[in-house]
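The values are calculated or read from the model by the stated rules, or taken from the named source; none is laboratory data. Not measured: the values here are computed from a predicted model. Every residue, glycine among them, receives a Cβ derived from its backbone with ideal geometry; neighbour counts consider all protein chains shown. What goes into the accessible areas is simple: the full protein's heavy atoms, side chains included, and nothing from ligands, DNA or RNA. Shrake-Rupley method; radii C 1.70, N 1.55, O 1.52, S 1.80 Å.
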Amino acid sequence: MKSSPKNTHQMTDLSGLSAAELLSLVSSLQQKIGDQNKAITESEKALRQKEEALNAQNDIILHQEKHAKKREQYIELLEEQLRLKLIQQYAAKSEKSAHQIHLFDEAEMESDIAELKAQLPDDVVPEDDEPQSKQNKRRQRGFSDNLERIRVELRLTDEEKSGAIKTFFTKVKEELEYIPASLRVREIWQEKAVFNENDEESIVAAKRPIHPLGKCIATTSLLAYIIVSKYADGLPLYRLETIFKRQGHEISRTNMANWIIRLDPLLQPLINLMREVQNSSDYLQADETRIQVLKEDGKTAQSDKWMWVTRGGPSGHPTILFDYDPSRAGHVAVRLLDEFTGILQADGYSGYARICAQNNITRIGCWDHARRKFVEASKATKPKDKGKQVKLSKADMALSMINKLYVIEREIKDLSAADRYQTRQKHSIPKLIEFKVWLDKNTPHVMKKSLTRTAMDYTLNQWEYLIGYCERGDLHISNVLAENAIRPFALGRRAWLFADTSQGAKASATCFSLIETAKANELEPASYIKYVLNHIAEADTLEKLEHLLPWNAPLEKVSKKVTQYS
């Protein structure tokens with residue numbers, strides 16, 4: 001007989017309980033269930049509170065981590081800026097990179113160079129392929145044939161040559177002598193003739209030359225010397241005052257400044273004519289730089305004022321014109337380029353957008369500005385610890401790609417415009433496309449506001465203008481000619497520091513225009529300015545003004561290699 005399994009839980013026999021007892025038991029059980037539910041609810045609430053606390057703590061941790069990351073990035077940006085400022089203040093100003101010569105893809109670059117050299121005409125010899133004998137040729141002895149020569153004979157005494165059958169001279173030495181500048185007084189005596197006709201006397205006087213400033217004690221040669229000394233050689237007027245005093249006569253700096261300012265209205269028609277000639281060309285370069293003017297209406301002495309520079313002109317008639325304006329707004333470019341309709345090369349400044357749209361001017365960019373930003377980023381890169389392998393930064397990689405473009409330009413600089421255009425289409429365009437792909441790929445992965453990211457963003461934003469130089473063979477890859485024209489102004493600014501009034505700043509712009517335009521036309525600045533001052537007072541017609549233009553002046557040209565600046 002099978003035995004039934006024991007129940008592990010004995011069921012309570014409720015059959016003997018009364019209805020009241022059953023109700024009481026049910027009530028008791030319900031009370032226990034309620035207490036248990038309450039306890040469960042409180043436990044769940046406590047768990048939720050703990051979970052919320054954990055989430056809040058996690059949010060705090062994430063926020064702190066995010067804040068710490070931002071702070072680290074901010075510190076990194078500050079350190080980068082600090083390194084850049086220290087480099088700008090104390091390090092060499094050269095833009096050459098330490099990796100410029102031996103960057104990656106050197107073999108590819110050498111191959112491109114070789115291919116470019118193979119396309120050069122037979123009569124064009126690259127600089128690095130010049131014959132060895134020419135490179136090792138000794139410096140030519142002697143002095144320039146343009147210098148005045150005097151013969152100094154060292155003679156024997158009568159006793160020393162007594163009994164000699166003959167004497168002769170041999171040149172034993174050449175010396176370079178300096179004749180100090182000096183002041184002298186020109187007394188102007190005017191001859192007058194007296195005639196007696198019909199018992200009436202009449203006087204006829206010799207014609208006097210017209211001085212550009214009327215009654216003025218300074219000759220045109222002295223005025224030209226003052227202008228060239230200040231604006232070409234960077235001598236402030238107070239130093240010239242001291243120099244003249246040593247030479248025997250004191251000329252106050254106030255008088256010199258007034259002479260320069262008084263000349264400006266007389267020279268302005270010639271500057272306006274140069275502006276018309278310049279704007280008639282189809283290719284201009286423009287740039288601007290700061291100048292401090294102490295007394296300018298509506299502006300403080302410390303505020304920025306601007307010297308604008310445009311360079312260009314028809315073939316054989318180059319002009320470099322400076323113009324002072326207290327504003328850097330777009331209306332200044334409209335005033336200067338009002339009649340220009342060609343190609344304008346400038347940096348990324350937005351002030352040229354208005355005149356470009358108004359006159360349908362084609363604008364191209366400057367690779368020097370883009371490259372300079374990568375150079376700054378490369379120099380400010382955090383130095384690696386000693387012993388660690390140096391890894392090229394993205395700024396260095398960008399510089400290597402940009403340098404390839406400049407290598408091409410150096411190799412084709414002596415070619416015709418048509419040949420330069422063909423070479424750029426064949427070699428420069430593919431490298432530009434490669435660089436653009438690299439920028440699009442790598443820019444999002446570089447920290448925002450860093451110098452490298454700023455350089456990459458600038459290059460991408462200006463890309464349409466930066467590639468414009470490939471559209472014609474006579475265009476330049478950079479705005480370097482306009483920047484070179486500004487350099488003498490920047491060097492002189494370090495010496496004379498500021499202009500006192502806006503009239504002085506405008507007169508300075510006129511003087512810089514004459515000097516730099518004379519240099520561009522291979523004329524000696526002092527000779528050209530003296531020539532202009534000798535004839536400007538009588539230039540009352542357009543034909544006479546045209547004779548004062550540097551390419552029409554009957555002056556001897558000087559070599560381009562003879563610079564007026566260090």
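Points worth noting:
- Of the solvent-accessible surface of the chain, computed with a 1.4 Å probe and all protein chains present, 51% belongs to carbon and sulfur.
- Here the spin labels are modelled as points 7 Å beyond Cα on the Cα-Cβ line, and at TRP496 and GLU44 they lie 8.9 nm apart.
- Qualifying trypsin sites (Lys or Arg not before Pro) for region 154-234 [loop in DSSP, other Cβ within 10 Å: at most 15]: ARG155, LYS161, LYS166, LYS171, LYS173, ARG184, ARG186, LYS207, LYS215
- The coefficient of translational diffusion for region 448-566, derived via Stokes-Einstein from the alpha carbon Kirkwood radius under 37 °C and 0.692 mPa s, stands at 184 µm²/s.
- Electrostatic dipole magnitude of the chain [Cβ: Lys, Arg +1; Asp, Glu -1; Cα centre; debye, to 20]: 2120
- Ranking by accessible area, most exposed first, for ASP457, ASP145 with a 1.4 Å probe: ASP145, ASP457
- Ordering ALA395, MET307, PRO265 by the projection of their Cα atoms onto the charge dipole of the chain, which places +1 on the Cβ of Lys and Arg and -1 on the Cβ of Asp and Glu, puts ALA395 at the extreme positive end.
- Among the protein heavy atoms, those of ASP233 account for about 90 Å² of accessible surface (1.4 Å probe, every chain in place).
- Shape analysis of region 240-384 places it in the oblate category; the axes a ≥ b ≥ c from the Cα gyration tensor give an a/c of at least 1.5, with a/b not above b/c.
- Here the convex hull built on the C-alpha positions of region 337-423 has a volume of 138 cubic angstrom per residue.
- Here each label is just a point 7 Å from Cα along the line to Cβ, and for GLN31 and GLU79 those points are 7.2 nm apart.
- Spin-label zone in region 493-515 - amide nitrogen under 18 Å from a point set 7 Å from the Cα of LEU266 along the C-beta vector: 504, 506-515
- Kirkwood-Stokes translational diffusion coefficient of region 153-195, alpha-carbon pairs, 20 °C, 1.002 mPa s, µm²/s: 127
- Taking each residue as 0.36 nm, the span from GLN302 to SER15 lengthens on full extension beyond its C-alpha to C-alpha distance by 92.6 nm.
- Anisotropy class of region 380-530 from Cα gyration tensor, a/c 1.5 cut: oblate
- Relative contact order %, the chain, counting alpha carbon pairs below 8 Å whose residues are six or more apart: 19
- Rolling a 1.4 Å probe across all protein chains gives CYS511 an accessible area of roughly 10 Å².
- Cα-based helix-to-principal-axis angle, 502-520 vs the chain, degrees rounded to 10: 70
- Taking the C-alpha atoms of region 194-249, convex hull volume expressed per residue in Å³: 115
- Degrees separating the helix 237-246 axis from the principal Cα axis of the chain, which is the longest one: 30
- Net lengthening on full extension, LYS544/ALA353 (0.36 nm per residue, minus Cα-Cα): 65.1 nm
- With Cα atoms, 0 to 90° folded angle of helix 525-535 axis to the chain main axis: 60
- Three-way shape label, region 295-351, alpha-carbon gyration tensor, a/c 1.5: prolate
- Taken about its Cα centre, region 232-318 carries a charge dipole of about 360 debye when Lys and Arg each add +1 at the Cβ and Asp and Glu each add -1 at the Cβ.
- Residue-wise HN-Hα couplings along region 454-466, as the Karplus relation 6.51 cos²θ - 1.76 cosθ + 1.60 with θ = phi - 60° gives them from phi, are 4, 5, 5, 5, 4, 5, 5, 5, 9, 4, 4, 7, 5 Hz; Gly and Pro carry x.
- Its residues counted as N, the chain yields a C-alpha radius of gyration over 2.2 N^0.38 Å of 1.68.
- The Cα center of region 267-308 and the Cα center of region 183-238 differ in position by 32 Å.
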